[in-house]
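A.B. asks: Please see the structure below; I have some questions.
Read the figures in this text as sums done on the coordinates, not as results from a lab. Source: prediction; values computed, not measured. Positions of Cβ are generated from backbone atoms using ideal geometry, with glycine treated the same way; all protein chains shown enter the neighbour counts.
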Amino acid sequence: MDSWAGIPGAFRALTKPLPEPWEAIFGPLRSGRTDDMLVVAQLGQSLDGRVATETGHSHYINGPEALAHLHRLRALVDAVVIGIGTALADDPQLTVRRVAGPQPARVVIDARGRLSASARLLAADGVRRLVVTATGARPPLPPDIEVIALPRSDGHIAPPAILGALAERGLRRVLIEGGADTVSRFLAARCLDRLHLMVAPIILGSGRTGFSLPPIARVDEAILTPMRMHRLGDDVLFDCDLSAQREPVGVAKKST
């Protein structure tokens, strides 16, 4: 898979299918079916569904091809979103480094204003940086950071409100990168078009699970999703199509 260099430009052109293997993996992310947004989440886990050990160690559950896939996703979206837990624990850069491609806007959900002004994702490198916080919060951020204040309920800001605010600012192809709790909230809120679940061939046996969703009483109440698999090195990518259950959140909602 060394033919990536021209793919980000061709992806956005929307004029013809991408060359394989890129069309099969990334073609479904070019446009949404529900509204003017396309929202994809990415999560890496072990065979037994763990995203970290009991101590919180997670680098690296997935292999180099899986990490390159994550950077390709970043290169194709308008914005990459993480929760404050991931921002504080990992201090990620959220940049495209492993592959060629443009840099996405970097967004952190920080309802209580806990993000440090020295966080690496806030680095002034010419890329838009946005912090989504609760109405009334006063995060101590540099003046060039875009702050989006939204109401919260039960300690959280609703995923549809977050996506709507991003769409209003021109960010309509969005990657929900983590952590597991943030991905779970967007999944439970029916705000995802696709889920890219990267499974590594290891068994941790204990530790943090990938998904935390409201309980169901019956198996037939579970989320059922069409799915395709792609082998990426030693990892397997499960590409889950959630578009049938996605609730409209974009600026220009499509009629049914």
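A.B. asks: Can you work out the FRET efficiency for the pair R218 and R97, with r the C-beta to C-beta distance and R0 = 35 Å, to the nearest 0.05?
C.D. replies: Computed FRET efficiency for R218 and R97: 0.20.
A.B. asks: Tell me, what is the FRET efficiency for E247 and D181 to the nearest 0.05, using R0 = 22 angstrom and their Cβ-Cβ distance as r?
C.D. replies: 0.65
A.B. asks: Given a Förster distance of 25 angstrom, what is the FRET efficiency for A24 paired with A124, based on the Cβ-Cβ distance and rounded to 0.05?
C.D. replies: For A24 and A124, the calculated efficiency is 0.10.
A.B. asks: Based on Cα positions only, what radius of gyration and what Dmax would you give for the range 45-89, in angstroms?
C.D. replies: Every Cα atom of the range 45-89 included, Rg and Dmax give 12.3, 34 Å.
A.B. asks: For the range 10-141, what relative contact order do you get, as a whole percent, if you take Cα pairs closer than 8 Å and at least 6 residues apart?
C.D. replies: Relative contact order for the range 10-141 comes out at 16 percent.
A.B. asks: Over 5 Å intervals from 0, what percent of Cα-Cα pairs in the chain sits in each interval?
C.D. replies: In whole percents, the pair-distance histogram is 1, 6, 13, 18, 20, 18, 14, 7, 3, 0.
A.B. asks: So what's the projected area for the range 1-122, the Cα convex hull averaged over all directions, in nm²?
C.D. replies: 9.3 nm²
A.B. asks: How big is D for the range 50-150, in µm² s⁻¹ as a whole number, if Stokes-Einstein is applied with the Kirkwood radius of its Cα pairs at 25 °C and 0.890 mPa s?
C.D. replies: 169 µm²/s
A.B. asks: One quarter of the convex hull surface, Cα atoms only: what value does that give for the range 182-256 in nm²?
C.D. replies: Mean projected area for the range 182-256: 7.2 nm², to one decimal.
A.B. asks: Residue separation times 0.36 nm, minus the C-alpha to C-alpha distance between L47 and W4: what's the value?
C.D. replies: Taking 0.36 nm per residue and subtracting the Cα distance, the gain is 12.7 nm.
A.B. asks: Then there's this: Could you tell me the center-to-center distance, by alpha carbons, between the range 178-238 and the range 58-88 in angstrom?
C.D. replies: 15 Å
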